[in-house]
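**Q** Quick one: this structure, given as structure tokens, is what I'll be asking you about.
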Amino acid sequence: VLRSLGIPTRVITNFNSAHDRNINLSIDEYVDISGKTLHLTEDSVWNFHVWNESWFIRRDLGSFYDGWQVLDATPQERSKGVYQCGPASTRAIKEGDVNLDYDSSFVFAAVNADYVTWVHYSKKRKERIYSDTRKIGKFISTKAVGTNARVDVTANYKYPEVKEISFKISYSQYKNSLMDDRKILVTAL
């Protein structure tokens, strides 16, 4: 419909799409002390989810948020009492502006929530035992114009994940680095 009105629109597919029911920006999994999954949350991760993007000027939010906007024709949650989602600015989602109207927090979680596992000891006590910041929002894609090729638009929704670099140094190297710091400190006085 939007294309027939001359509004640029495209279909987006998000793999490992989070469904954050309580909008806490994480997908929480609870296990008991033996590792058995407990069904204490309605959060879930879908293999994929599809929505539309349309190109809008956002006078209501400011020109910073102009551009592609998420519109979900199949929302699973109510937004302001109605089953609707969007238009949420992809720029707002990428920048983490989750307090804007139009479901930016829900879409942010769909592409960038942390996947957290908790050990549930009792109603008053739980402990986080695992957190994966990379699991959600993979290969966010659209179809290329004029071909059936996939175009990766993940960078429109989130910044690249920081890669952890592990390295080892000997104790003597560590000790020497502390000595170097002291020398600089004494020199600075």
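The values are calculated or read from the model by the stated rules, or taken from the named source; none is laboratory data. What you are looking at is a predicted structure, and each value in this text was computed from that prediction instead of being measured. Cβ sites come from the backbone with ideal geometry, for glycine too, and all protein chains shown count toward neighbours. When the accessible area is computed, the model is the full protein with side chains, heavy atoms only, and any ligands, DNA or RNA have been set aside. Shrake-Rupley method; radii C 1.70, N 1.55, O 1.52, S 1.80 Å.
**Q** Can you tell me how many residues in the stretch 6-28 are more than 16 Å from VAL45 (Cβ to Cβ) and among the small types (Gly, Ala, Ser)?
**A** 1
**Q** Same structure again: Examine the stretch 131-152 for a residue that is at pLDDT below 90 and either open to solvent by less than 30 Å² (accessible area, probe 1.4 Å) or in contact with a Cys (Cβ under 9 Å, 6 or more places away or on another chain) (or both), and state whether such a residue exists.
**A** No, the conditions are met nowhere in the stretch 131-152.
**Q** Mind checking which strands (runs of 3 or more DSSP E) fall wholly inside the stretch 23-109 and carry at least 1 residues that are surrounded by fewer than 15 Cβ atoms within 10 Å (Cβ to Cβ) and not hydrophobic (A, V, I, L, M, F, W, C)? Give the steps one after another, and end with the answer.
**A** On the way: elements: 26-31, 44-56, 67-71.
Ranges flagged: 44-56.
**Q** Still on this structure: Give me a count of the residues in the stretch 1-53 that are without any contact (Cβ under 8 Å) to a residue 60 or more places away in the chain and in contact with a Gly (Cβ under 9 Å, 6 or more places away or on another chain).
**A** Of the residues in that region, 2 qualify.
**Q** Next question. Collect the residues in the stretch 110-130 that are among the hydrophobic types (A, V, I, L, M, F, W, C) and either loosely packed, with under 12 Cβ neighbours inside 10 Å or in a strand (DSSP E or B) (or both), keeping them in residue-number order.
**A** VAL116, TRP118, VAL119, ILE129
**Q** Restricting attention to the stretch 12-36, which residues are at pLDDT 95 or above and of a type in the set (A, V, I, L, M)?
**A** Passing the criteria: only ILE12.
Residue-wise test of (1) closer than 15 Å to SER26 by Cα; (2) of a type in the set (D, E, K, R).
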| residue | (1), (2) |
| --- | --- |
| ASP103 | no, yes |
| ALA109 | yes, no |
| TYR115 | yes, no |
| HIS120 | no, no |
| ARG125 | no, yes |
| ILE129 | yes, no |
| VAL145 | no, no |
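**Q** Okay, moving on. Of the residues GLU127, GLU95, which single one is farther than 30 Å from ASP60 by Cβ and either at pLDDT 90 or above or touching a Gly at 6+ places or on another chain (Cβ under 7 Å) (or both)?
**A** On inspection, the qualifying residue turns out to be GLU127.
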